[in-house]
Amino acid sequence: MVSSCSPTITYSPAITLVPTHECFNRCSYCNFRVEPGQDDWLTVEAATEQLQCFQSPAVIEVLMLSGEVHPAHPRRAAWFQRIYDLCERAIALGFLPHTNAGPLSYTEMAALRRVNVSMGLMLEQVTPALLNTVHRHAPSKQPDLRLQQLDWAGELRIPFTTGLLLGLGETEGDRVETLRAIAASHDQWGHIQEVIVQPHQPGTRQALTGPALAPEDLIACLRLARQHLPADITLQVPPNLILTEATLMAAIAAGAQDLGGISPVDVVNPDYPHPTIPALKQRLAQHGYNLVPRLPVYAHYDTWLPQPLQALVTTHRDRLRTRSASS
């Protein structure tokens, strides 16, 4: 039986918009990308129709998740403007945008700060060894480039989510090095609200062959993360990529506190549907946990946001408090 005093596990009720699936990287484990020039970009009009279908207190976050257009490509400016325009439309319809669009320039990050309550980029792993394997054809997976994004986000006061992708061929030492790099950036800027600890699960569209990450490796990495990351960083795991209830409960026991943005479709891992919120809530309740929604920006970062976004965030926080009090 779950009560108001039960331990809390959080999630962000979300919908995902994909400006484009085209991407100049070719990571061998990707199930998301299409070749550059072979995808129709999402229009603001089409996005508006999608968003209007989900306008309700039950959906708060718009995850703006895009493939990458090369920084030197002639369409880079148009691609960035499309992302910006989609964020503006999401705000106009009452949603809170969170953008993850690969590495951005400092100027691009500063601009998107005006129309996002938080942003993100998976660090994945900082070892350069993966540039010879799964990232051989992925120029923007250079570790130094991605670490620079973390520091720029801190300098710009952008509440930020990053994370590790596990099962790419990295060692335990590589994982520790990645965690320490995240901790160092947060120690300097105080801006990382979440770290995702994500197991690789094979998909039907990827080039990489090999087994999924063993559940015990996920649990071991969560323990490492709790050991090496500051206590004020929340650990997040994606519940659709954790295939048994026992492993999910073990992940929570090892330090996972959040289940991330849960939307109708996981566009990055389409072979692994998200569980429904009622089903997930029931599963957790059987183990004494209370599943509660949250915003894509944590409360102690609200003052970092531009004033118009602060006002919208306050509206959503008030709604969540009202829902919590009435449940």
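Applying the selection to segment 5-25, what residues are in a loop (DSSP other than H, G, I, E, B) and at pLDDT 95 or above? Full working, then the answer.
Just the residues of segment 5-25 that are in a loop (DSSP other than H, G, I, E, B), to begin with: 5-7, 18-21, 23-25.
Matches in segment 5-25: P7, V18, P19, T20, H21, C23, F24, N25.
Step by step: first the residues of segment 277-327, then only those that are of a type in the set (V, I, T) and out of contact with any strand residue (DSSP E or B) (no Cβ under 6 Å at 6 or more places or on another chain), then the one that is surrounded by the fewest Cβ atoms within 10 Å (Cβ to Cβ). Which residue is that? Can you show your working first?
Of the residues in segment 277-327, the ones of a type in the set (V, I, T) are 277, 292, 297, 303, 313-315, 322.
Checking the rest, the ones that are also out of contact with any strand residue (DSSP E or B) (no Cβ under 6 Å at 6 or more places or on another chain) come to 277, 303, 313-315, 322.
Working: I277: 15, T303: 8, V313: 20, T314: 11, T315: 11, T322: 11.
Within segment 277-327, the match that is surrounded by the fewest Cβ atoms within 10 Å (Cβ to Cβ) is T303.
Could you say which residue among A138, A110, A153 is among the aliphatic types (A, V, I, L, M), surrounded by 23 or more Cβ atoms within 10 Å (Cβ to Cβ) and touching a Phe, Trp or Tyr at 6+ places or on another chain (Cβ under 9 Å)? Working first, answer last.
Numbers: A138 fails: surrounded by 23 or more Cβ atoms within 10 Å (Cβ to Cβ); A110 fails: surrounded by 23 or more Cβ atoms within 10 Å (Cβ to Cβ).
Criteria check complete, one pass: A153.
Take the residues in segment 95-110 that are in a loop (DSSP other than H, G, I, E, B) and out of contact with any Ser or Thr (no Cβ under 8 Å at 6 or more places or on another chain), then tell me which one is farthest from Q149 (Cα to Cα).
Keep residues of segment 95-110 that are in a loop (DSSP other than H, G, I, E, B), which gives 95, 101-105.
Then keep just the ones that are out of contact with any Ser or Thr (no Cβ under 8 Å at 6 or more places or on another chain); that gives 95, 104-105.
On the way: F95: 25, L104: 7, S105: 8 Å.
Residue satisfying both the conditions and the ranking: F95.
What pairs come up if the first residue lies in segment 247-271 and is surrounded by 16 or more Cβ atoms within 10 Å (Cβ to Cβ), the second is in a helix (DSSP H, G or I) and β-branched (V, I, T), and their beta carbons are under 6 Å apart, counting only those six or more places apart or on different chains?
A250/I219; A254/I219
Considering every residue within segment 26-42, establish whether at least one is of a type in the set (A, V, I, L, M), touching a strand residue (DSSP E or B) at 6+ places or on another chain (Cβ under 6 Å) and assigned to a strand (DSSP E or B). Quick ask: steps written out before the conclusion?
We begin by selecting, within segment 26-42, every residue of a type in the set (A, V, I, L, M); these are 34, 42.
Filter again for touching a strand residue (DSSP E or B) at 6+ places or on another chain (Cβ under 6 Å), leaving 34.
Right, trim to assigned to a strand (DSSP E or B) and you get 34.
Scanning segment 26-42 turns up at least one residue that is of a type in the set (A, V, I, L, M), touching a strand residue (DSSP E or B) at 6+ places or on another chain (Cβ under 6 Å) and assigned to a strand (DSSP E or B).
Please tell me if D85 is of a type in the set (D, E, K, R), surrounded by 15 or more Cβ atoms within 10 Å (Cβ to Cβ) and not in a strand (DSSP E or B).
Values: of a type in the set (D, E, K, R): yes; surrounded by 15 or more Cβ atoms within 10 Å (Cβ to Cβ): yes; not in a strand (DSSP E or B): yes.
Here the answer is yes, as D85 does meet what is asked.
Given the conditions (1) in contact (Cβ under 8 Å) with a residue 12 or more places away in the chain; (2) outside any loop (DSSP other than H, G, I, E, B); (3) under 16 Å from I60 (Cβ atoms), and given that P296 satisfies all but one, which numbered condition is not satisfied?
Exception for P296: condition (2).
The values are calculated or read from the model by the stated rules, or taken from the named source; none is laboratory data. Since the structure is predicted, the reported quantities are computational estimates derived from the model, not experimental observations. Neighbour counts are summed over all protein chains in view; Cβ atoms, including those assigned to glycine, are modelled from backbone coordinates with ideal geometry.
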